[in-house]
Amino acid sequence: MANRFLTVAITLTSTLVASLIALPAWAVEVSFKPVANGVYAYIGDTEGRTYDNEGLNANIGLVVTPAGAVLIDSGPTFQVAAKIEAAARQVTDQPIKWVINTGGQDHRWLGDGYFSAKGMATIAHADAQADMKARAREHMDGLKVLKERLDGTVPTLPTRFISGPVTQLELGGTVLQLQHAHGGHTPGDMLVWLPQQGVLFSGDMVYVDRVLGLIDVSSGKNWLESFALIDALKPPIIVPGHGHVTNLPTAQAQTRDLLLALRAHMKKALDNGVNVDAAVKSFDGKPYAQLIHADVWIPQLANHTYLEMERE
């Protein structure tokens, strides 16, 4: 009898394991949630790019007007772009007229090919163009973790590049102000400000919940100049590039103040002839310890800031 029960147990366990193995890999589900009247956001994963999150580790925006809809960023792949469009259709019957890229990072523009093939205008700042061209292959290599989920993705430049510090667009009575200083996270980073709704889509000018990113093309100095635009706007609602929908004090505390602290510390270190290793080790990251990845990324930010200011 005991052997019979053991055999049954082994059979059930084997069946369960086989069924779990047979389960399809998790796929990202895009769903827009209301932020303000006619304004929606999808809040992406705060981890790195993975097969499961399909590289969509950033936020996407949707603005609905009587004359059509506007997407803020197109996602990192052709397949994700299709999901973004399908999610928009769950919110509105209005066709997507424009797709605005808030910067040159992969999840801001690599989905453009999907939308431009459908005749939709894709828009970015002129300062993003060279960055997009230069790093397109790097982006694609970094997304190889997606395997077949990267299929169909071809880096496709926006159909329209705007220039200057402020470009005002209007669709169906809704005003969208595209504001650009000198970038920050990437050279083409710009803000999308909706003055009537009091909502700012900051792109990668604001990170909350997780530590901001400084990469090879980033400039902390330029980033702070761009953040000054946010300070001046005083937006009641901010949809950050990464993290949950937030307010100005939180954005200042978790993005601006971290950049200010890094630069103040590194200026003092350079003025006193402190080498990079000692300067990085002596930076006090405790005020930002609650942010995701703080323990690993803050030393990297400190190193980047030291070297950047040394070149200045």
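The values are calculated or read from the model by the stated rules, or taken from the named source; none is laboratory data. Because the structure is predicted, anything quoted here is derived from the model rather than measured. Methodologically, a virtual Cβ is constructed for each residue, glycine included, from the backbone with ideal geometry; neighbour enumeration extends over all protein chains shown. Please note that ligands, DNA and RNA were not included when accessible areas were found on the heavy atoms of the full protein model with its side chains. Shrake-Rupley method; radii C 1.70, N 1.55, O 1.52, S 1.80 Å.
Structure summary
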read-out: Scan of segment 118-146 for residues that are outside any helix (DSSP H, G or I) and within 14 Å of Asn101 (Cβ to Cβ), ordered by number; value: Met120, Ala121, Thr122, Ile123, Ala124, His125
read-out: Residue count for segment 294-312, restricted to those that are of a type in the set (A, V, I, L, M) and either surrounded by fewer than 20 Cβ atoms within 10 Å (Cβ to Cβ) or at pLDDT below 95 (or both); value: 4
read-out: Those helices (runs of 4 or more DSSP H) lying entirely in segment 200-274 with at least 2 residues touching a helix residue (DSSP H, G or I) at 6+ places or on another chain (Cβ under 8 Å) and among the basic types (Lys, Arg); value: 257-271
read-out: Filter result (surrounded by 14 or more Cβ atoms within 10 Å (Cβ to Cβ) and not in a helix (DSSP H, G or I)) within segment 275-293; value: Phe283, Gly285, Leu291, Ile292, His293
read-out: Selection status of Arg149, open to solvent by 40 Å² or more (accessible area, probe 1.4 Å) and either of a type in the set (Lys, Arg) or assigned to a loop (DSSP other than H, G, I, E, B) (or both); value: no
read-out: Subset of segment 152-199 [β-branched (Val, Ile, Thr) and assigned to a loop (DSSP other than H, G, I, E, B)]; value: Thr153, Val154, Thr156, Thr159, Thr186
read-out: Residue within segment 102-112 that is on the phi < 0 side of the Ramachandran plot, assigned to a loop (DSSP other than H, G, I, E, B) and surrounded by fewer than 24 Cβ atoms within 10 Å (Cβ to Cβ) present; value: no
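Residue-by-condition table, conditions (1) buried (at least 17 other Cβ atoms within 10 Å of the Cβ); (2) touching a residue at least 60 places away in the same chain (Cβ under 8 Å); (3) more than 23 Å from Gly44 (Cβ to Cβ):
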residue	(1), (2), (3)
Thr153	yes, yes, no
Pro158	yes, no, no
Gln168	no, no, yes
Leu171	yes, yes, yes
Gln179	yes, no, no
Gly184	yes, no, no
Gly203	yes, yes, no
Ser219	yes, yes, yes
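This table checks each residue for (1) assigned to a loop (DSSP other than H, G, I, E, B); (2) open to solvent by 60 Å² or more (accessible area, probe 1.4 Å); (3) hydrophobic (A, V, I, L, M, F, W, C).
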{"residue": "Val35", "(1), (2), (3)": "no, no, yes"}
{"residue": "Tyr40", "(1), (2), (3)": "no, no, no"}
{"residue": "Thr50", "(1), (2), (3)": "yes, no, no"}
{"residue": "Asn53", "(1), (2), (3)": "yes, no, no"}
{"residue": "Ala58", "(1), (2), (3)": "yes, no, yes"}
{"residue": "Val63", "(1), (2), (3)": "no, no, yes"}
{"residue": "Lys97", "(1), (2), (3)": "no, yes, no"}
